[in-house]
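Trainee: Take this structure first; my questions come after.
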Amino acid sequence: MQIVQPIIPAPEGSILDVTARAWSQGQRAIFPISPTMPARAGAESVIPVAGDNGNDAFKGATLSPDPDAPEGATRARLTTVRIPAAFGIAEDIQGKQEVTYHCDGVTFWIGEIALAHSGDSLRIGPTNHRLNDERQLWFLGACFVELLRAANYAPGVHRVALSLAIPNTEFEIIPDERTGKERLTATPKTREAIARHLKGKVWTITRTDNQRTPETWTISVTTVLPHAQTSGTIMALTLTPNGKKAIDLDGLRAIDIGGGDLHDSEFYFGRHGPAQMLNRRIGDGTVRIARVLRADPLLRKDIRNDVEAQNVLITERVMRAGRWVSVTEDVRRVVASSGQSIVADVIGILRGSRLFTVITGGGVLRLNGQLTEVLYQEEKVAGDDYVLVDGPLASLLNVIGCLFGMVFRSNGNGK
């Protein structure tokens with residue numbers, strides 16, 4: 001059967017719409033906002049950065065000055081990165097070098113380089129458990145270096161305001177004693193871990209490239225604003241880059257197919273932003289496919305852990321006898337069978353929903369064909385009843401929205 005790709009537009013003028021239009025043309029999204037945020041009186045401005053430290057990968061987003069902006073114009077360019085959540089202590093290499101990082105007396109590799117050299121997956125679980133692992137902090141610092149480099153910032157000292165995406169389950173809605181309004185806030189354990197490990201954190205990291213050229217980066221975190229992961233998608237879908245409404249809804253559902261978790265979240269809006277969030281963990285995300293892939297008789301000798309298996313799902317290649325080998329057919333075979341349970345979960349939620357629904361998360365990138373085929377046969381109407389976020393945006397939309405959450409807070413129009 002031929003799979004028909006439905007056209008699923010985002011609300012016009014939304015952060016999602018602007019970003020998707022630019023990316024569809026192979027360009028970075030440009031927004032008419034400042035790339036930096038004001039700091040306290042007498043201090044230099046700070047760079048807004050956002051991080052979503054998922055089970056499978058770190059996703060990051062930041063803004064930088066648009067080099068093509070007319071003189072006097074205020075415009076910012078969006079940059080994103082995705083780095084597999086893998087860490088390894090670096091070893092001496094004879095011959096072709098790898099990019100390494102040095103921090104607190106430790107030299108290490110991250111991401112795909114760590115995976116290629118028998119690196120380990122990082123600790124999963126609640127934010128307080130993760131941040132208690134010193135490797136996690138070194139990994140995060142190196143990821144922020146890569147994010148700033150990708151945004152064309154130069155080595156040196158950089159002050160950043162960090163918007164941190166954390167699991168929806170680590171949030172609660174409480175009354176604000178100062179304003180009398182309800183607000184969504186992180187749980188006490190999460191707030192304490194963030195305050196202890198990230199607020200005021202200073203990383204001094206030496207990055208050495210594959211030509212043995214060192215760069216020194218000092219990244220200082222001036223503030224940390226936690227966001228529920230899925231709230232990033234909600235902001236990107238419903239708000240314009242200057243914080244105005246792009247779509248007027250009383251409630252919205254988000255089905256987030258992540259690496260570790262499949263979440264179903266309902267948001268109900270009050271006059272001043274989200275008044276209620278209902279979150280359900282439906283089950284494992286794409287890790288359920290990754291584990292089948294890891295146990296597959298044809299691949300189990302090539303894949304050592306869940307993070308590596310998740311990466312194979314994306315890259316469709318493994319290291320075998322010293323060579324990178326394509327395993328596209330094996331991956332597609334496993335996805336075709338094991339992915340059906342996730343698709344069934346998503347469709348079941350969508351059918352029973354009375355809310356406008358956004359389907360997002362990195363799992364969409366892997367399951368798009370199956371999802372699209374089934375959605376095309378549903379009574380729900382694309383664009384009217386739901387939006388399917390596709391391509392690289394599927395895994396990055398949460399962190400992009402969280403970045404703008406920090407910008408909105410700085411501008412006084414936080415939701």
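Trainee: For the chain, set up a Gaussian network in which alpha carbons nearer than 10 Å are linked by springs, and say which option among Asp68, Asp133, Asp306 fluctuates the most.
Mentor: Asp68
Trainee: Do you know the Lys pair count in the chain for C-alpha distances under 17 Å, with sequence separation 8 or more or different chains?
Mentor: On the way: Lys181/Lys415; Lys189/Lys199; Lys244/Lys415; Lys245/Lys415.
Going through the chain pair by pair, I get 4.
Trainee: Trypsin sites (Lys or Arg not before Pro), restricted to region 26-119: which are DSSP loop and have at most 11 other Cβ atoms within 10 Å?
Mentor: On the way: sites: Arg28, Arg40, Lys59, Arg75, Arg77, Arg82, Lys96; in loops: Arg28, Arg40, Arg75, Lys96.
Of the trypsin sites (Lys or Arg not before Pro), the ones in loops of region 26-119 whose Cβ has at most 11 other Cβ atoms within 10 Å are Arg40, Lys96.
Trainee: Let me check against my output: what whole-number percent is the relative contact order of the chain, with C-alpha pairs under 8 Å and at least 6 apart? The partial results should precede the final answer.
Mentor: Values: 852 pairs, mean separation 78.9, N = 415.
Reported relative contact order: 19 percent.
Trainee: Right, next: Could you compute the FRET efficiency for Ala295 and Glu71, with r as their C-beta to C-beta distance and R0 at 60 Å, rounded to 0.05? Numbers along the way, then the final one.
Mentor: Numbers: r = 59 Å, r/R0 = 0.98.
For Ala295 and Glu71, the calculated efficiency is 0.50.
Trainee: Report the Cα-based extents of region 289-415 along its three principal axes, largest first, to the nearest Å.
Mentor: Rounded to whole Å, the extents work out to 55, 40, 18 Å.
Trainee: I would also like to ask the following. Rank these by accessible area, largest first, 1.4 Å probe: Glu308, Glu44, Glu379.
Mentor: Working: Glu308 20, Glu44 135, Glu379 175 Å².
Reading off the accessible areas and sorting them downward yields Glu379, Glu44, Glu308.
Trainee: Compute, for region 103-142, the length of the dipole vector about the Cα centre, with Cβ point charges of +1 (Lys, Arg) and -1 (Asp, Glu) only. Units Debye, rounded to 20. Kindly include the intermediate steps, with their values, before the conclusion.
Mentor: On the way: 3 positive and 5 negative charges, 23 e Å.
Around 100 debye, computed over region 103-142.
Trainee: Still on this model: Once you charge only the Cβ atoms, +1 for Lys and Arg and -1 for Asp and Glu, what is the size of the charge dipole of region 182-329 about its Cα centre, to the nearest 20 debye? Spell out each step's value before the answer.
Mentor: Values: 23 positive and 17 negative charges, 98 e Å.
It works out to roughly 460 debye.
Trainee: Out of region 202-291, which trypsin sites (Lys or Arg not before Pro) are coil in DSSP terms and have no more than 14 other C-beta atoms within 10 Å?
Mentor: Working: sites: Arg207, Arg212, Lys244, Lys245, Arg253, Arg271, Arg280, Arg281, Arg288, Arg291; in loops: Arg212, Lys244, Arg271.
Here the sparse-neighbourhood loop sites are Arg212, Lys244, Arg271.
Trainee: With viscosity set to 1.567 mPa s and temperature to 4 °C, compute the Stokes-Einstein D of the chain, Rh being the Kirkwood radius across alpha carbon pairs; µm²/s, no decimals. Spell out each step's value before the answer.
Mentor: Numbers: Rh = 22.1 Å.
For these conditions, the coefficient is 59 µm²/s.
Trainee: Taking N as the number of residues in region 14-98, what is its alpha-carbon radius of gyration divided by 2.2 N^0.38 Å?
Mentor: So the Cα radius of gyration is 1.46 times the expected 2.2 N^0.38 Å.
Trainee: Could you identify which residue out of Asn168, Asn368, Asn55 has the top mean-square fluctuation in a GNM of the chain using Cα springs shorter than 10 Å?
Mentor: Checking each option, the largest mean-square fluctuation is seen for Asn368.
Trainee: With every protein chain present, what is the per residue accessible area of region 14-87 (1.4 Å probe, Å²)? Walk me through the numbers on the way to the answer.
Mentor: Values: 3210 Å² over 74 residues.
Computed with neighbouring chains in place, this is 43 Å² per residue.
Trainee: Mind listing the long-range amide H neighbours of Lys201? Cut-off is under 5 Å, sequence gap 5 or more, other chains count too, H placed in the peptide plane at 1.01 Å from N.
Mentor: Sorted by chain and number, the residues that satisfy this are Val221.
Trainee: Quick check for me: using +1 on Lys/Arg Cβ and -1 on Asp/Glu Cβ, what's the dipole size of the chain about its Cα centre, in debye to the nearest 20?
Mentor: Dipole of the chain, to the nearest 20 debye: 520 debye.
Trainee: With labels modelled as points extended 7 Å from the Cα through the Cβ direction, what inter-label distance (nm, one decimal) is found for Gln211 paired with Asn132?
Mentor: 4.4 nm
Trainee: Here's another thing I want to ask about it. Go ahead and set up a Gaussian network model of the chain, Cα springs under 10 Å, then flag whichever of Gly348, Gly200, Gly243 fluctuates most.
Mentor: Of Gly348, Gly200, Gly243, the most mobile in the Gaussian network model is Gly348.
Trainee: Rounded, prolate or oblate: pick one for region 148-301, where a ≥ b ≥ c are the square roots of the eigenvalues of its C-alpha gyration tensor, a/c under 1.5 means rounded, and failing that, prolate if a/b is larger than b/c, else oblate. If you can, show how the numbers build up before the last one.
Mentor: Working: a/c = 1.94, a/b = 1.18, b/c = 1.64.
Judged from the Cα gyration tensor, region 148-301 comes out oblate (a/c at least 1.5, b/c at or above a/b).
Trainee: In whole percent, what relative contact order does region 71-173 give with Cα contacts below 8 Å and a gap of six or more residues?
Mentor: Details: 92 pairs, mean separation 27.7, N = 103.
Rounded, it is 27 percent for region 71-173.
Trainee: Full extension from Ala195 to Asp248: what is 0.36 nm times the residue separation minus their Cα-Cα distance, to one decimal in nm?
Mentor: Values: separation 53, 0.36 × 53 = 19.08 nm, distance 3.51 nm.
Taking Ala195 through Asp248 to full extension adds about 15.6 nm, to one decimal.
Trainee: Among Gln136, Ile303, Gly348, which residue has its Cα positioned farthest towards the positive end of the charge dipole of the chain, with +1 placed on the Cβ of Lys and Arg, -1 on the Cβ of Asp and Glu, and the dipole taken about the Cα centre?
Mentor: Farthest towards the positive end: Gln136.
Trainee: Right, next: Rounded, prolate or oblate: pick one for region 351-415, where a ≥ b ≥ c are the square roots of the eigenvalues of its C-alpha gyration tensor, a/c under 1.5 means rounded, and failing that, prolate if a/b is larger than b/c, else oblate. Present the calculation step by step, with values, prior to reporting the outcome.
Mentor: Values: a/c = 3.92, a/b = 1.76, b/c = 2.23.
Judged from the Cα gyration tensor, region 351-415 comes out oblate (a/c at least 1.5, b/c at or above a/b).
Trainee: Report the Rg/Rh value for region 310-377, based on alpha-carbon coordinates and the Kirkwood definition of Rh. Walk me through the numbers before you get to the answer.
Mentor: Details: Rg = 14.9 Å, Rh = 13.6 Å.
Taking Rh as the inverse mean 1/r over Cα pairs, Rg/Rh reads 1.10.
Trainee: Given all pairs of different Cα atoms, what value in angstroms does the Kirkwood hydrodynamic radius of region 79-180 take? Mind dumping the intermediate values first?
Mentor: Working: mean 1/r = 0.0629 Å⁻¹.
Kirkwood radius, region 79-180: 15.9 Å.
Trainee: Calculate the translational D of region 248-342 in whole µm² s⁻¹ from Stokes-Einstein, where the hydrodynamic radius comes from the Kirkwood formula applied to all Cα pairs, the temperature is 10 °C and the viscosity 1.306 mPa s.
Mentor: On the way: Rh = 15.1 Å.
It comes out at roughly 105 µm²/s.
Trainee: I would also like to ask the following. What are the semi-axes of the equivalent ellipsoid of region 66-116, taken as the square roots of 5 times the eigenvalues of the Cα gyration tensor, listed largest first and rounded to whole Å? Numbers along the way, then the final one.
Mentor: On the way: eigenvalues 247, 33, 27 Å².
Computed over region 66-116, the values are 35, 13, 12 Å.
Trainee: Would you mind getting me the FRET efficiency between Ile174 and Asp385? Use the beta-carbon distance for r and R0 = 30 Å, nearest 0.05.
Mentor: On the way: r = 32 Å, r/R0 = 1.08.
My answer for the efficiency is 0.40.
Trainee: Taking loop as defined by DSSP and a crowding limit of 15 other beta carbons within 10 Å, which trypsin sites (Lys or Arg not before Pro) in region 350-401 fit?
Mentor: In loop regions of region 350-401 (DSSP not H, G, I, E or B), the sparsely surrounded trypsin sites (Lys or Arg not before Pro) are Arg354, Lys380.
The values are calculated or read from the model by the stated rules, or taken from the named source; none is laboratory data. This structure is a prediction, so every number in the text was calculated from the model and none was measured. For neighbour counting, all protein chains shown are included, and Cβ atoms are generated from backbone atoms with ideal geometry for every residue, glycine included. Side chains are part of the model used for accessible areas, which takes the heavy atoms of the whole protein and leaves out ligands, DNA and RNA. Shrake-Rupley method; radii C 1.70, N 1.55, O 1.52, S 1.80 Å.
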